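These notes concern the structure reproduced below.
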Amino acid sequence: MTDTDTGLVPAPRRLVRLPGPGPVLDERSTIDAGPGTGGAARLLRATLGAATGLPLPDAPGGNGLVLRVDPGVEREFGPEGYRFRADGGGVRIDGGGPAGVLHGAQTLRQLLGPAAFRRAPVAPGRSWRLPAVAIEDGPRFRWRGLLLDVARHFTPKDGVLRWLDLLAAHKLNVLHLHLTDDQGWRVEIRRHPRLTETGAWRARTKLGHRASPLWDPRPHGGFYTRDDIREIVAYAAERHITVVPEIDMPGHSQAAIAAYPELGNTDVIDTTSLTVWDTWGVSRNVLAPTDNTLAFYEDVLAEVLDLFPSPWIHIGGDECPKDQWRASPTAQARMKAEGLADEDALQSWFVRHFDRWLAERGRRLVGWDEILEGLRPGGSLAEGAVVSSWRGYEGGVAAARAGHDVVMCPEQHVYLDHRQAPGDDEPVPIGSVRTLEDVYRFEPVPPELTGDAAAHVLGAQANLWTEVTEDQQRREYQAFPRLAAFAETVWSSLPAPGARDFAHFEQRMRAHYARLDALGVDYRPPGGPRPWQRRPGVLGRPIEGSSPIV
């Protein structure tokens, strides 16, 4: 068990205080970076170098930091595990792989104190003493993620890079980018340029919950160029973070239909009159189940695969209203030709098409838990398909028992757009109250999953939807400090999940709030929102147990 003096978040598996004083980093300190550790060395120079003003030159066998990849650490703690030792001889970080060395480097930053998270020295010329400690650590789960919804409110590229830094600082390793929805299309597709020329922009935006009478009359939009995406992916890879793109289909697609009306159900509605949606909820304008639509989205995904090396590609698959399909002769003819029993089976047919298409190209489809619905008797998704379980645990349990990997992200526990406390002070209160302690006590593996089925839980993800979080400050307020609590639930194996010590976590957070301050994070203080963090008069939806807007 860790002590509270170090304030490490997430808590490591084992921490032992060593006798004697710890090492000091000063002008003489160097970095001895072994094979496979160059990325960690570069980041240390970029972060610690900026914060401390120390040059930290490369010097094999020198005095300071020693970085190594150690197969022994990998055998015990996995490729993301590490051993850390700080004593009179200096600092040594042995990682199970390059990612493990980087995680050890993040621990080093935390041990040096909040000033190590600044971008320039606040006390030039000072020396930096570390506590004398030995740490052994490694993650509990392979998938430790955050979904960032950039479709509802666009996050410019620099904001995404900031999120990657914040994820790395908390040892999170997946950024799920929700790139398309009814309210906007955010990634450049060369073969279909109107997706961003038209689909990336809306004329105005609803302020607050969709029942609110308020509007922001300013046009809103933006998108990432192909080079923006390449930069984001490379920046993430340097921090051992996988960027998982999401291209929503067949629902949540009004922005795409506004750009290319032939993608919609033209035999039911005048799709040429549609615009990018300016309000929240679930649009009834969904993709038509035609060969043209399939070919169009194959074009889209071909470019997505070229930009994102992630083994996982998310296709949404959730909240697809069937009204237009029921009324569409074209959709009904497709159902008859394919021998499909109903419109749920038609959605499953759509999903399974891209499941096979991605599998043929060596990628794994990921979808929200609705992708399990409408499967024919005896039918199934490809073995590698992954289910994101958002409507509670049930979809994840069913998927794991069927042999599919699962990412647990139940709205009742880890939707960060939900309000953090009761009361009128919380800005635009959406959904149910989910306190810091609620998130800290989240358990990704429900008790009904055991053995091989439990092993299918890849990990978990906190989801940050942005209907009512219109800028970086609002998103940071909703995410922190709860994302720090979430990071511990998915990283730390000890203590046992059912016996997590929230009081001890709160004590360590006293040190961690100072790190967040140094990083400039606009988090929610323990005592409640600051005056400028409130949004008086903007209607939310403070209904306990209600379904969120997604």
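The values are calculated or read from the model by the stated rules, or taken from the named source; none is laboratory data. Note that the coordinates shown come from a computational prediction; the quantities given were computed from them, not determined experimentally. Cβ: placed from backbone, ideal geometry, glycine included. Neighbour counts: every protein chain shown.
Could you list, in sequence order, all residues of segment 353-373 that are over 21 Å from residue 143 (Cα atoms) and surrounded by fewer than 21 Cβ atoms within 10 Å (Cβ to Cβ)?
Within segment 353-373, 353, 356, 357, 360, 361, 373 qualify.
Can you give me the ranges of the strands (runs of 3 or more DSSP E) entirely in segment 1-83 with at least 1 residues that are farther than 18 Å from residue 128 by Cα, in the same structural domain as residue 132 (by TED's automatic domain parsing) and out of contact with any Asp or Glu (no Cβ under 9 Å at 6 or more places or on another chain)?
Per the criteria, no element qualifies.
All but one of (1) assigned to a loop (DSSP other than H, G, I, E, B); (2) over 19 Å from residue 103 (Cβ atoms); (3) in contact with a Gly (Cβ under 7 Å, 6 or more places away or on another chain) hold for residue 172; state the number of the condition that does not hold.
Answer for residue 172: the failing condition is (2).
Give me the residue from segment 42-83 that is without any contact (Cβ under 8 Å) to a residue 24 or more places away in the chain and of a type in the set (D, E, K, R) and, out of that set, nearest to residue 31 (Cα to Cα).
Here the residue is 45.
For segment 105-121, give me each residue that is out of contact with any helix residue (DSSP H, G or I) (no Cβ under 8 Å at 6 or more places or on another chain) and within 20 Å of residue 77 (Cα to Cα).
Of everything in segment 105-121, just one residue is out of contact with any helix residue (DSSP H, G or I) (no Cβ under 8 Å at 6 or more places or on another chain) and within 20 Å of residue 77 (Cα to Cα), namely 107.
Run down 398, 382 and say which single residue is surrounded by fewer than 23 Cβ atoms within 10 Å (Cβ to Cβ), part of a helix (DSSP H, G or I) and at negative phi.
398
Residue-by-condition table, conditions (1) crowded, with 18+ Cβ neighbours inside 10 Å; (2) of a type outside the set (Gly, Ala, Ser):
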{"position": "49", "(1), (2)": "no, no"}
{"position": "58", "(1), (2)": "no, yes"}
{"position": "66", "(1), (2)": "yes, yes"}
{"position": "70", "(1), (2)": "yes, yes"}
{"position": "73", "(1), (2)": "yes, yes"}
{"position": "82", "(1), (2)": "yes, yes"}
{"position": "93", "(1), (2)": "yes, yes"}
{"position": "107", "(1), (2)": "yes, yes"}
{"position": "110", "(1), (2)": "yes, yes"}
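Working carefully through the options 306, 342, 323, 291, find the one that is surrounded by fewer than 17 Cβ atoms within 10 Å (Cβ to Cβ), within 23 Å of the chain's Cα centre (by Cα) and not polar (S, T, N, Q).
The conditions single out 306.
May I ask you to verify whether residue 449 is outside the structural domain of residue 207 (by TED's automatic domain parsing) and among the aliphatic types (A, V, I, L, M)?
Spelling it out, it is not the case that residue 449 is outside the structural domain of residue 207 (by TED's automatic domain parsing) and among the aliphatic types (A, V, I, L, M).
Residue 349 passes all but one of (1) in contact with a strand residue (DSSP E or B) (Cβ under 9 Å, 6 or more places away or on another chain); (2) assigned to a helix (DSSP H, G or I); (3) under 29 Å from residue 267 (Cα atoms); which number fails?
(1)
Any residue that is in contact with a Lys or Arg (Cβ under 9 Å, 6 or more places away or on another chain), of a type in the set (A, V, I, L, M, F, W, C), over 26 Å from residue 353 (Cα atoms) and touching a residue at least 60 places away in the same chain (Cβ under 8 Å) - is there at least one of those in segment 386-394?
no
Cβ-Cβ distance below 8 Å, separation of 6 or more or different chains: which pairs start in segment 285-306 with a residue that is in a helix (DSSP H, G or I) and end on one that is of a type in the set (Asp, Glu)?
Pairs that qualify, where the first residue is in a helix (DSSP H, G or I) and the partner is of a type in the set (Asp, Glu), are 292/262.
Consider only pairs whose beta carbons are under 7 Å apart and that are at least six residues apart or on different chains; among these, list those whose first residue lies in segment 421-435 and is surrounded by fewer than 21 Cβ atoms within 10 Å (Cβ to Cβ) and whose second residue is among the β-branched types (Val, Ile, Thr).
Close Cβ pairs (under 7 Å, with a partner that is among the β-branched types (Val, Ile, Thr)) amount to 421/433; 421/435; 422/433.
Determine which member of the set 392, 367, 362, 339 is under 20 Å from residue 454 (Cβ atoms), at pLDDT 95 or above and small (Gly, Ala, Ser).
Testing whether each residue is under 20 Å from residue 454 (Cβ atoms), at pLDDT 95 or above and small (Gly, Ala, Ser) leaves just 392.
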